[in-house]
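Contents: one structure, followed by commentary.
The values are calculated or read from the model by the stated rules, or taken from the named source; none is laboratory data. Keep in mind that what you see is a predicted model, and the values were worked out from it rather than measured. In this analysis, Cβ positions are derived from the backbone assuming ideal geometry, glycine residues included, and neighbour counts consider all displayed protein chains.
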Amino acid sequence: MIQIVDYEAGNLTSVKRALDHLGIVSQITPDAKTIAEAERIIFPGVGAAGSAVRNLRERGMDQALCEAFEKGVPILGICIGAQILLSHSEEDDTDCLGLIPGETVRFQLSDPTLKIPHMGWDGIEITQPHPLLAGVRPDDMFYFVHSYYLKPEREEHVAATTDYETVFASALMRENLFATQFHPEKSGPPGLDILRRFATWEGNPC
C-alpha cells in the first residue's frame, strides 16, 4: 500500500483520486509511525514552505521521512513535497529536510509576458534516464503551479529540467527518492504513467 503523507498541505485528495483511478491501493495518513514503516510513500502538497515544514515537525513526519529514506523505501515528492526535500527554501527562510543538497529559490523574471507563479502546462527535458520517466515523450506536457523552483547543488540529482526564462530542475532523483515540481496527478496520461510506475518501482534509480 502507498502511504500519502498528511501534513495539512493541499492536494492530498487529488493524489488519492488519481491512484484510485489507476486501481492502486493507498491511504492518506497523518501518523508518523505509519510513514516510517511504509512500503511506499508519496509526499505531495501545495502551500508555503514555512508552515509545511512546521506541520511536518510537529507531527514527527520529518524524522519519519528521513528514516524511511535511509531504509530504502521508495519515496515520490510532488510540488511543495519536492521543495521540502532540499536543504533550504527562500520561502519563509525555511530549513528543510536536506535529503537532497540544494535550495528552493523564487523566480526572478525579466520578461513581462511571463507571470509568477509559473502556472499551467509545460514540457520537460529528461537529463538522466530514470525508471519513473521511462516512456515520457519529448512532446508530453505536465501541469505546474509554483513561484519557487528547485535548485539542487549537484547535477547528478537532476532528472529533468524545464525552461521558464530560467532553466530549473523539474524532476529530482537520489537513490530511492524521486521528486517532481510538476503535478503528475493533474498531468493526464503522462503523469498517471509516472504514478503507475511508482507503484511497482523498487527504488533503484537505474
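Let's see how each residue does on (1) closer than 30 Å to S110 by Cα; (2) at pLDDT below 95; (3) part of a strand (DSSP E or B):
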site: E156; (1), (2), (3): yes, no, no
site: T161; (1), (2), (3): yes, no, yes
site: F168; (1), (2), (3): yes, no, yes
site: A171; (1), (2), (3): yes, no, yes
site: T200; (1), (2), (3): no, no, no
site: N204; (1), (2), (3): no, yes, no
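Answer yes or no as to whether R196 is surrounded by fewer than 23 Cβ atoms within 10 Å (Cβ to Cβ) and under 13 Å from the mean Cα position of the chain (by Cα).
Values: surrounded by fewer than 23 Cβ atoms within 10 Å (Cβ to Cβ): yes; under 13 Å from the mean Cα position of the chain (by Cα): no.
Considered against the rule, which asks whether it is surrounded by fewer than 23 Cβ atoms within 10 Å (Cβ to Cβ) and under 13 Å from the mean Cα position of the chain (by Cα), R196 comes out as no.
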Practice task
Write out, first by first residue and then by second, each pair whose Cβ atoms fall under 9 Å of each other, whose residues are 6+ apart or on separate chains, and whose first residue, in segment 153-182, is at positive phi while the second is hydroxyl-bearing (S, T, Y).
Solution key: E165/S110
Exercise for the section: Kindly check whether there is at least one residue in segment 115-125 that is in contact (Cβ under 8 Å) with a residue 12 or more places away in the chain and under 30 Å from E70 (Cα atoms). Expected result: yes
Practice task
Would you please name the residue that is farthest from the chain's Cα centre (by Cα), looking only at residues in segment 98-113 that are modelled with pLDDT of 95 or more, farther than 23 Å from L195 by Cα and of a type in the set (A, V, I, L, M, F, W, C)?
Solution key: F107
Practice task
Look at segment 5-58 and say how many of its residues are surrounded by 23 or more Cβ atoms within 10 Å (Cβ to Cβ), among the β-branched types (V, I, T) and either under 15 Å from the mean Cα position of the chain (by Cα) or closer than 26 Å to V105 by Cβ (or both).
Solution key: 5
Problem - Subset of segment 114-137 that is in a loop (DSSP other than H, G, I, E, B) and β-branched (V, I, T) - its residue that is farthest from the chain's Cα centre (by Cα) - result: I116
Handout entry: Selection from segment 101-116 of residues that are within 28 Å of E156 (Cβ to Cβ) and surrounded by fewer than 15 Cβ atoms within 10 Å (Cβ to Cβ)
Key = P101, R106, Q108, L109
